[in-house]
Amino acid sequence: MWWAGSFAAVAVVAGLSFSCTARVVLWFVALAGASATTVTLAAGGTPGQVAGVAFLAAGLSAAGWALGRSARVRGARRRAFAAYASGAAAVPGLAAEAERHRLAADLHDTAAHRLTGIMIGASSALHVRDGRLTAEAGAHAVREGRLVVAELTRLTELDARADHARLADLDALVAGWPGRGVAYRRDAGDVPPPIAALAVRIVREALTNSRRHAPGVPVDVLVREHGGRLVVTVTDQGRGGAAFDAGSGCGLAVLQSEAAAAGGSLEAGPTAVPAGCGWRVRAVLPLGDGGSRRGRWWSEHVRNWAPVVLGVGIPVGGLLVPDPGDVPLPGKELALLVPLLILHALPLRWHLARPVPALAATLSLYPLIELARVSGWPITPGGDLVLWCGWIELIMVYGIGVARGPRGVLAPLAVGSTVGAALAWGPGIVGNRFAAWAVLSAFVLVPVVIAWAAGVLLAAGRARRR
């Protein structure tokens, strides 16, 4: 009956993990664990049994979460691959269309921004009577013409793409803007290059339109990060300064659609205060970690610590809540064994990010156990630790197979020899221990190699899908 309830709990947690966020699952696990310990305490359970139920609830919940999350990830990958396969034929045409759109937008920016500067400089040179001002206007037109040539040259280069953009480009744009009527402030740090490129184009378009429709008016440019989003605001004091450019079709109207495609928004219109006496362009662009930053924090921590909870909860809970026919371990032995189990499972926290050091830390525990036993400590033999939770080494070897592929071939050999030595030097082995070491190492090597090979095959399959 007890095991039926455990399987039911694992199934419920797996179902929640498949359909809900990690935070929801944690709340459910906390409530379920509190209920289980309360029932145990009300039924007259000892403090050790109550603690054992709490450990078991945590370990079983971690197992259910791992099963549900694994099914969720596999389903998402299958759907993503099916979507890619169904649309693969259209990718070349879409890529060509996107490239044409990029070139059209860049050509529009060059024509509207730089050529407008040339036109203003040349017009000023024709109309002013002061020789010094005429020379300055002509020099400005020449500088703008050189910049046009440089930008047209840049358009033909392969690195003229959004994945090289930074907000520092926005600083350079405003710093080199003609005139001194632009008040600029940036409170945002590094952002994804596509978002930075879109922000630069929005500010350039707004400044160009303000210069064209309301020349000489003060313009405020504010770029800040708020709530995981980049907020770009360009406001001028002239009537209708940064209006939508409906002539070419590549102005703010196109930028508005690009902002929407990126998951953000772009609005342009008269300022509210004072009504109709200015123009404001405001873009809100997602940075990829906005409102879900807290959710990802929960998900990452659950993913990192769930294996540790699983590796500690089930064996410790099983020791504290023994079966009806088993004899409970003495308190002094439990006091030494529980920290040992925790130390054995703790490296699972890093088995994905640092699989080799994590495995080395786990295996180093076995010689320390033997040294403690030789010194007279009443500590559990390393062979018993293998029998209780040797699956932890299998998980780590599997992770090394996924992370390092065939290069991690030494990991199974290290596990086989170390675990074989822990079993061979246990108290139940008599006779030639070195011969027992060789036999037991070969026996242990079979499941270890299978786990490592499974990881290698999984990594190869992922590489093919990518």
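The values are calculated or read from the model by the stated rules, or taken from the named source; none is laboratory data. Worth saying up front: this structure is predicted, and the values here are computed from it rather than measured. Cβ: placed from backbone, ideal geometry, glycine included. Neighbour counts: every protein chain shown.
Can you say whether residue 444 is surrounded by fewer than 22 Cβ atoms within 10 Å (Cβ to Cβ), touching a Leu at 6+ places or on another chain (Cβ under 8 Å) and part of a helix (DSSP H, G or I), as far as the supplied structure shows? Working first, answer last.
On the way: surrounded by fewer than 22 Cβ atoms within 10 Å (Cβ to Cβ): no; touching a Leu at 6+ places or on another chain (Cβ under 8 Å): yes; part of a helix (DSSP H, G or I): yes.
No: the conditions fail for residue 444.
From the list 449, 386, which residue is in contact (Cβ under 8 Å) with a residue 12 or more places away in the chain, in a helix (DSSP H, G or I) and more than 24 Å from residue 59 (Cα to Cα)?
Details: 386 fails: more than 24 Å from residue 59 (Cα to Cα).
Result: 449 is the single residue among 449, 386 that is in contact (Cβ under 8 Å) with a residue 12 or more places away in the chain, in a helix (DSSP H, G or I) and more than 24 Å from residue 59 (Cα to Cα).
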Checklist entry - For residue 415, all conditions in the list (1) in a helix (DSSP H, G or I); (2) farther than 30 Å from residue 300 by Cα hold save one; what is the number of the exception? => result (2)
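So, of the residues in the range 195-217 that are β-branched (Val, Ile, Thr) and modelled with pLDDT of 85 or more, which turns out to be surrounded by the most Cβ atoms within 10 Å (Cβ to Cβ)? Working first, answer last.
Of the residues in the range 195-217, the ones β-branched (Val, Ile, Thr) are 195, 200, 202-203, 208, 217.
Subsequent filtering for residues that are modelled with pLDDT of 85 or more retains 195, 200, 202-203.
Working: 195: 25, 200: 24, 202: 27, 203: 25.
Ranking the candidates gives 202 first.
So that you can scan it fast, the table gives a plain yes or no per residue for (1) free of Cβ contacts under 8 Å to residues at least 12 places away in the same chain; (2) under 30 Å from residue 319 (Cα atoms); (3) of a type outside the set (Gly, Ala, Ser); (4) assigned by TED's automatic domain parsing to the domain that holds residue 338:
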position	(1), (2), (3), (4)
73	yes, no, yes, no
76	yes, no, no, no
81	no, no, yes, no
84	yes, no, yes, no
87	yes, no, no, no
Checklist entry - Are any of the residues in the range 353-371 more than 25 Å from residue 424 (Cα to Cα) and either at pLDDT below 85 or outside the structural domain of residue 403 (by TED's automatic domain parsing) (or both)? => result yes
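With respect to residue 185, determine if the residue is part of a strand (DSSP E or B) and either modelled with pLDDT of 85 or more or surrounded by 14 or more Cβ atoms within 10 Å (Cβ to Cβ) (or both).
Working: part of a strand (DSSP E or B): yes; either modelled with pLDDT of 85 or more or surrounded by 14 or more Cβ atoms within 10 Å (Cβ to Cβ) (or both): yes.
Taking the combined requirement at face value, the residue satisfies it.
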Checklist entry - Is it fair to say residue 38 is modelled with pLDDT of 85 or more, outside the structural domain of residue 461 (by TED's automatic domain parsing) and either over 20 Å from the mean Cα position of the chain (by Cα) or surrounded by fewer than 19 Cβ atoms within 10 Å (Cβ to Cβ) (or both)? => result yes
